[in-house]
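The values are calculated or read from the model by the stated rules, or taken from the named source; none is laboratory data. Remember, predicted model here, so these are calculated numbers, not experimental data. As a convention, Cβ positions derive from the backbone with ideal geometry for all residues, glycine included, and neighbour counts pool all protein chains shown.
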Amino acid sequence: MKKVLITGANGQLGQCLRKIAAQFKNLEFTFKNSKDLDITDALSIKKTFDLVDFDYCINCAAYTDVEQAEKTPDIAFRVNAEGVKNLAFVCKKHKVGLIHISTDYVFDGEKKEPYSIDDIPNPINEYGKSKLLGEKYIQEIMDDYCIIRTSWLYSEFGKNFYTSILNKAKAGENLSVTDEQIGCPTNANNLANYILENMLMNNVKNRVKHFTDGIATTWYGFAQSILLENSMHGKVPLVRDKNYRTFVRRPKNSVLK
Ligand SMILES: NC(=O)c1ccc[n+]([C@@H]2O[C@H](COP(=O)([O-])OP(=O)(O)OC[C@H]3O[C@@H](n4cnc5c(N)ncnc54)[C@H](OP(=O)(O)O)[C@@H]3O)[C@@H](O)[C@H]2O)c1
């Protein structure tokens, strides 16, 4: 029986992993939320890893508020870079395979085609920079790791674009959505499944991967699909937001190959 630690377990991806965990009979899971285990607290991490001989750690802990990260980058870097560094050191010491989730926002969005794992990251906002530094720490410190970059996560859990559009549509609100960025919406349940299946195949050594659900669209296009899927298309006004302004720069193209 392989022992798996999941950090940030109350987040969107953490909850998707928890939902399917029972299907993976030969894996034994320990779920730690941010209160049980703060990844910025090296002592707390040490105690957790001293208590149980984990085989894998899936790091779902992250500071994911892109707007707020721009205003308080120190917090984003503390979690997404320094916290990840703490995990990398302890995983190396205890010979635990680290599966870490990263983001399309490590790229600047200037490329016209989808980004491959060989493209050079060049983040344009603090969230992306903090996540890239987390990746670099892992690669410097460890051999037994897998960094999975994903994009535009949605699920039935937490606050995400899908639930927010659906709730607004159900409340009869007018929807105004930008079509200025292109990316791949990814169901976090599919990502959770991919992570556990790969882990079972012991496929986590020393690599960066991209995982998305494959279909590239804009936020406007994604909103259309959400309305269609929920039989609400045409029933709620949906317009392209031509005056979309954001406090933070976001990559125009963040499609991952
Ligand atoms: N969401 C997306 O669209 C998206 C896109 C690309 C990549 N990703 C990446 O995918 C991963 C999972 O994202 P998600 O959507 O599941 O994010 P999420 O819902 O925001 O979950 C992140 C979790 O991390 C926890 N956390 C924050 N600081 C922590 C700390 N210091 N120690 C331990 N836990 C901490 C949070 O707990 P609290 O709520 O208690 O703070 C939260 O439960 C992240 O690495 C993210 O960067 C996400």
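What the table below lists for this structure:
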item	result
In segment 56-109, the residues that are within 17 Å of the chain's Cα centre (by Cα) and of a type in the set (S, T, N, Q)	59, 64, 68, 80, 102, 103
Candidates 77, 31, 49 - the one that is within 14 Å of the ligand (Cβ to nearest atom), among the aromatic types (Phe, Trp, Tyr) and farther than 30 Å from residue 122 by Cα	31
Number of the condition not met by residue 231 [criteria: (1) more than 21 Å from the chain's Cα centre (by Cα); (2) among the polar types (S, T, N, Q); (3) crowded, with 17+ Cβ neighbours inside 10 Å]	(3)
Verdict on residue 40 being more than 28 Å from residue 202 (Cβ to Cβ), within 12 Å of the ligand (Cβ to nearest atom) and touching a Lys or Arg at 6+ places or on another chain (Cβ under 7 Å)	yes
Hey, residue 72 surrounded by fewer than 19 Cβ atoms within 10 Å (Cβ to Cβ), among the hydroxyl-bearing types (Ser, Thr, Tyr) and either within 12 Å of the ligand (Cβ to nearest atom) or without any contact (Cβ under 8 Å) to a residue 24 or more places away in the chain (or both) or not	yes
Candidate set: segment 1-28, residues that are part of a helix (DSSP H, G or I) and away from the ligand (no atom under 14 Å from the Cβ); chosen: the one farthest from residue 194 (Cα to Cα)	22
Qualifying residues in segment 93-121 (those that are assigned to a loop (DSSP other than H, G, I, E, B) and hydrophobic (A, V, I, L, M, F, W, C)) - the one nearest to the ligand (Cβ to nearest atom)	107
Selected residue [in contact with a strand residue (DSSP E or B) (Cβ under 7 Å, 6 or more places away or on another chain) and either within 19 Å of residue 96 (Cα to Cα) or at pLDDT below 95 (or both)] from 206, 187	206
Members of segment 98-140 found to be farther than 22 Å from residue 63 by Cβ and of a type in the set (A, V, I, L, M), listed by number	117, 120
Selection count where residues are closer than 28 Å to residue 112 by Cα, hydrophobic (A, V, I, L, M, F, W, C) and surrounded by fewer than 20 Cβ atoms within 10 Å (Cβ to Cβ), scope segment 149-174	1
Pairs where the first residue, in segment 1-23, is at pLDDT 95 or above and the second is hydroxyl-bearing (Ser, Thr, Tyr) and surrounded by 22 or more Cβ atoms within 10 Å (Cβ to Cβ), C-beta under 6 Å, 6+ apart	4/56
Filtered residue count, segment 121-134, keeping only those that are more than 25 Å from residue 218 (Cα to Cα) and buried (at least 22 other Cβ atoms within 10 Å of the Cβ)	1
Residues (in a helix (DSSP H, G or I) and either within 8 Å of the ligand (Cβ to nearest atom) or over 17 Å from residue 152 (Cα atoms) (or both)) located in segment 52-68	68
Residue match in segment 13-24 (condition: among the small types (Gly, Ala, Ser) and over 24 Å from residue 104 (Cα atoms))	yes
Only listed residue being over 30 Å from residue 93 (Cβ atoms) and among the hydroxyl-bearing types (Ser, Thr, Tyr), chosen from 127, 115	115
